[in-house]
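Everything below concerns the one structure shown next.
The values are calculated or read from the model by the stated rules, or taken from the named source; none is laboratory data. This is a predicted model, so every value here is computed, not measured. As a convention, Cβ positions derive from the backbone with ideal geometry for all residues, glycine included, and neighbour counts pool all protein chains shown.
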Amino acid sequence: MNVVMVGTGYVGLVSGACFSDFGHRVTCIDKDVSKIERLKRGEIPIFEPGLDQLVATNVREGRLFFETDPRAAVRDADAVFIAVGTPSRRGDGHADLSFVYAAAEEIAGLIDGFTVLVTKSTVPVGTGDEIEAIVRRVRPDAEVEVVSNPEFLREGAAINDFKRPDRVVVGTEDERAREVMRELYRPLFLNETPILFTSRRTSELIKYAANAFLAMKITFINEMADLCEAVGADVQQVSRGIGLDNRIGAKFLHAGPGYGGSCFPKDTLALVRTAADSGAPTRLIETTVQVNDARKRRMADKVVAALGGEVAGKTVAVLGLTFKPNTDDMRDAPSLAIIPRLQALGAQVRAYDPEGMGEARRLLQDVAFTSGPYDAAEGADVVVFVTEWDQFRALDLDRLKLVMRKPAIVDLRNIYRPSEMAARGFAYASIGRP
Ligand SMILES: NC(=O)c1ccc[n+]([C@@H]2O[C@H](COP(=O)([O-])OP(=O)(O)OC[C@H]3O[C@@H](n4cnc5c(N)ncnc54)[C@H](O)[C@@H]3O)[C@@H](O)[C@H]2O)c1
């Protein structure tokens, strides 16, 4: 099949590369000229494990193309995916759909023959209806079915998630469109991946419901961590104790500094707004949003406490800046809430992240970015683990202690054991553990 991906970001590039690996002919479009030029040169503009090889293979096999001009590819397409960003709209938290609508309008003008127009971006309920109205207005003659197909991949494990998903959700009631979607996901059909056909509105809502539930689960265990700290219990054992219950499940029960990233913060907020506008408010999610925001801000207090309450003139080494490991994505990362707060209190911040420093330089001021974890810890009064990159899990603690001014650690991801740290002579604070 001929596929076009409009928007070649974290989702568009991974989805496009995976569809081409399934055997389809895929053209990834982006209006960011430099991004497309880099891709044409064989460079991958984001960090995602395995993506460089997957792209290189499919480009070499003549199935994967990159363009800024969508005209030729859209004309020949069986399916055109919209995978552009849907960030929070400034001021009110609704999803900003301007990129989606602009893309829909442009594509509508170019379509030729029966085409399935698929929304892969995360969009509020009813957006498909609006896209359909745009298409009908621009091209009353076009043979188009507007379909919802939300994406559930996680950055850092995106290729595996796309190729071996727990399920695929397709929102359309049109049989011809369903047939195109079945053909596109054929290898997954053969794998017996559950493919859920629903109405378009239901499909749009499934994506938000999934993200909101996961955000709520994280927030739940974060509150349990606070309670553990107050009463002298261990949140990791609480997680295990409840996670072994099949009705609960062990995933998304790691207490930490609060969820961040390119999806949960904006999607929970957008769901809250949609629900309120629809007269069916989601109190649980409203609270989740508030609790998480407050938590991210409060994480700096743990560092302040580790410094004995005196921050001015102290040096803080931050290890890990991205919102999670194995990505370079800095969107809504907890580090962006913690670092400026410490700086405002007078701290000097040194930081290291294996992949996120390029983007972090744009987003953070007056941070000394370093070449590695030990370099970051040089002269520090405290080391703070903000992201649990594997390379931070097995540091040479004696070496770390040697370069620091004072041996103190704040571990916001619980990657070390309190007993181990005590034995090594570190003052150690973590999340929800005695
Ligand atoms: N990142 C994730 O982990 C993830 C997971 C699931 C779903 N999603 C959803 O997928 C969507 C895309 O997210 P992302 O992280 O890939 O965003 P992104 O910002 O990485 O990529 C979006 C791309 O679209 C391009 N673009 C915007 N308007 C365009 C247009 N008219 N024509 C061509 N290109 C255009 C931008 O230049 C950018 O490169 C969002 O709705 C997001 O919520 C993201």
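Within region 75-96, the residues that satisfy the criterion of being in contact with a strand residue (DSSP E or B) (Cβ under 6 Å, 6 or more places away or on another chain) and within 21 Å of GLU151 (Cα to Cα) are ALA77, ASP78, ALA79, VAL80, PHE81, ILE82, ALA83, THR86. Looking at this structure, is LEU227 part of a helix (DSSP H, G or I) and in contact with a helix residue (DSSP H, G or I) (Cβ under 7 Å, 6 or more places away or on another chain)? The answer is no for LEU227.
Applying a threshold of 8 Å to beta carbon distances and a minimum spacing of six or more residues, or different chains, the list of pairs starting in region 267-287 at a residue that is in a helix (DSSP H, G or I) and ending at one that is crowded, with 19+ Cβ neighbours inside 10 Å and charged (D, E, K, R) reads ASP267/LYS207.
Residues checked against (1) surrounded by fewer than 15 Cβ atoms within 10 Å (Cβ to Cβ); (2) of a type outside the set (Val, Ile, Thr); (3) over 29 Å from ILE46 (Cα atoms):
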position: ALA103; (1), (2), (3): no, yes, no
position: VAL144; (1), (2), (3): no, no, yes
position: VAL168; (1), (2), (3): no, no, no
position: GLU179; (1), (2), (3): yes, yes, yes
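If you check GLY50 against the conditions, is it under 22 Å from ILE107 (Cβ atoms) and in contact (Cβ under 8 Å) with a residue 60 or more places away in the chain? Here the answer is no, as GLY50 does not meet what is asked.
For first residues located in region 319-340 and closer than 17 Å to THR370 by Cβ, partners that are among the basic types (Lys, Arg) and modelled with pLDDT of 95 or more and lie 6+ apart or on another chain with Cβ distances below 8 Å form the pairs GLY320/ARG413. For region 194-213, the count of residues that are in contact (Cβ under 8 Å) with a residue 60 or more places away in the chain, more than 19 Å from PRO165 (Cβ to Cβ), in contact with a Lys or Arg (Cβ under 8 Å, 6 or more places away or on another chain) and more than 15 Å from the ligand (Cβ to nearest atom) is zero.
When we screen GLU183, GLU192 for residues that are surrounded by fewer than 23 Cβ atoms within 10 Å (Cβ to Cβ) and modelled with pLDDT under 95, the only hit is GLU192.
Any idea how many residues of region 248-272 are farther than 25 Å from TYR416 by Cα, within 15 Å of the ligand (Cβ to nearest atom) and not polar (S, T, N, Q)? Selection size over region 248-272: 8.
Where helices (runs of 4 or more DSSP H) sit wholly within region 1-80, those with at least 2 residues that are more than 27 Å from ASP112 (Cα to Cα), within 13 Å of the ligand (Cβ to nearest atom) and at pLDDT 95 or above occupy 33-40. Selection of region 348-387 for residues being of a type in the set (D, E, K, R) and out of contact with any Phe, Trp or Tyr (no Cβ under 6 Å at 6 or more places or on another chain) yields ARG350, ASP353, GLU359, ARG361, ARG362, ASP366, ASP375, GLU378, ASP381.
Quick one: is THR119 more than 30 Å from TRP389 (Cα to Cα) and either within 12 Å of the ligand (Cβ to nearest atom) or not assigned by TED's automatic domain parsing to the domain that holds PHE189 (or both)? Yes: the conditions hold for THR119.
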